[in-house]
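Inspection log for the structure reproduced underneath, given as structure tokens.
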Amino acid sequence: MEIIANYHCETGEGPTWHTSEQNLYWLDIPNGVMFKYDPSKGKHQKVFTGPELGGITIQKDGSILMFMSKGQVAIWQNGEFEVLIDGIEGEQDSRFNDVIAAPNGSVFCGTMPTDTHNATLYRLDKDLSLHRVVTNVGISNGLGFTQDLSRMYYTDSTARTIYKYDFDPDSSKIGNGDVFLKTPDDGTIPDGMTVDSEDCVWSARWDGYALYRYTPDGEEIEKIDFDTKKISCPTFGGPDYSDLYVTSAGGHNLAENGPNAGALFRLKPGVTGKQEFFSEIGI
């Protein structure tokens, strides 16, 4: 385990590997900052500061699709920023939280709950149409797909549950869902996740100082401990996807969350990941 960068992010999140650039991007959500790390040069930097950033995907043309506050969606490329969706009715007091591109180029994008409404998982299609997919969610979080693309994982952090839905990769429609796993009621919650090349699930544990690996049947087979309390999201990267990047949060309170709170970590887990899908919104 090594620390790649430590900007003491308040909510470090959304690590995303840019395949064509061979760079990693990640976020500090409430501060609206996007960072970039170039492993070939060992350099990292802030590349964007704006409204709250809840998640990003890499578009097929190499641009970055940003999911922001109030339901706003925008494109960022080479420093240029273009708004695609001004906002979503009913989400004016919320923000996006965790997103994933689907095999057909659409994007699943969840929101945070507020005092007036629960969270929702939306699907944004290539023609910019939005569809409510799962409603009455606690905190919409980590997403992923099985290797055969027949099922989609979806995390509701408040329910401490990762669900597994039937999934149609051609239409991005989900069907029946069941519980993949439920985490202990010990003050910790499941956060971001990814799926490796062996079809195992890696799930970050917010307030749990750890990252967990589960078999496709939901059996815990590995736990990686951190000295940082709020582990938020993993993703694989590198030329052969053998690097596992992990974000953390809590950099605004180092006394409570640890001196490395908010850092970006890199691990060599001994298993590879797989390339994520490209979004094709508006393309």
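The values are calculated or read from the model by the stated rules, or taken from the named source; none is laboratory data. Just so you know, these numbers come straight off a predicted model, no measurement behind them. Counting neighbours? That spans all protein chains shown, and the Cβs are built from the backbone with ideal geometry, glycine included. For accessibility, only protein heavy atoms count, side chains too; no ligands or nucleic acids. Shrake-Rupley method; radii C 1.70, N 1.55, O 1.52, S 1.80 Å.
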In whole Hz and in residue order, list the ³J(HN,Hα) couplings for region 167-182 that follow from phi through the Karplus curve 6.51 cos²θ - 1.76 cosθ + 1.60, θ = phi - 60°; x for Gly and Pro. 9, 10, x, 7, 10, 6, 8, 9, x, 5, x, 9, 7, 7, 6, 10
Can you list residues whose amide H is under 5 Å from Phe48's amide H, if they're 5+ apart or on another chain and H is modeled 1.01 Å from N? Met34
Excluding residues fewer than 8 positions from Lys230 in its own chain, the aspartates and glutamates with Cα under 17 Å of it are Glu2, Glu10, Glu13, Asp28, Asp98, Asp156, Asp185, Asp186, Asp191, Asp207, Glu256
Only helices counted: for the chain, with every DSSP H run of 4 or more residues adding -39500 (n - 2.57) and the sum spread over all residues, [θ] at 222 nm is 0 deg cm²/dmol
For the chain, with every protein chain kept in place, what is the accessible area per residue (1.4 Å probe, Å²)? 40
Just how much of Phe277 is accessible, in Å², when a 1.4 Å probe is used and the result is rounded to the nearest 10? 70
Within a Cβ distance under 11 Å of Pro269, other residues only, what is the Lys/Arg minus Asp/Glu net charge? -1
To the nearest 20 Debye, how big is the dipole of the chain about its Cα centre, given +1 on the beta carbon of each Lys and Arg and -1 on that of each Asp and Glu? 380
Here the gain from full extension of Asn104 to Val179, 0.36 nm per residue of separation minus their alpha-carbon distance, amounts to 24.5 nm
Filtered hits (lysines, Cα-Cα < 21 Å from Lys274, offset >= 8 within chain) -> Lys36, Lys60, Lys164, Lys223
Convert each backbone phi in region 208-224 into a coupling constant with the Karplus relation 6.51 cos²θ - 1.76 cosθ + 1.60 (shift: θ = phi - 60°), then list the ³J(HN,Hα) values in order as whole Hz, x for Gly and Pro. x, 6, 7, 10, 10, 10, 10, 5, x, 8, x, 8, 6, 10, 7, 9, 10
Could you tell me which of the pairs Lys43/Lys173; Lys43/Lys70; Lys126/Lys268; Lys46/Lys268 are separated by over 29 angstrom between their Cα atoms in the structure shown? Lys43/Lys173; Lys43/Lys70; Lys126/Lys268
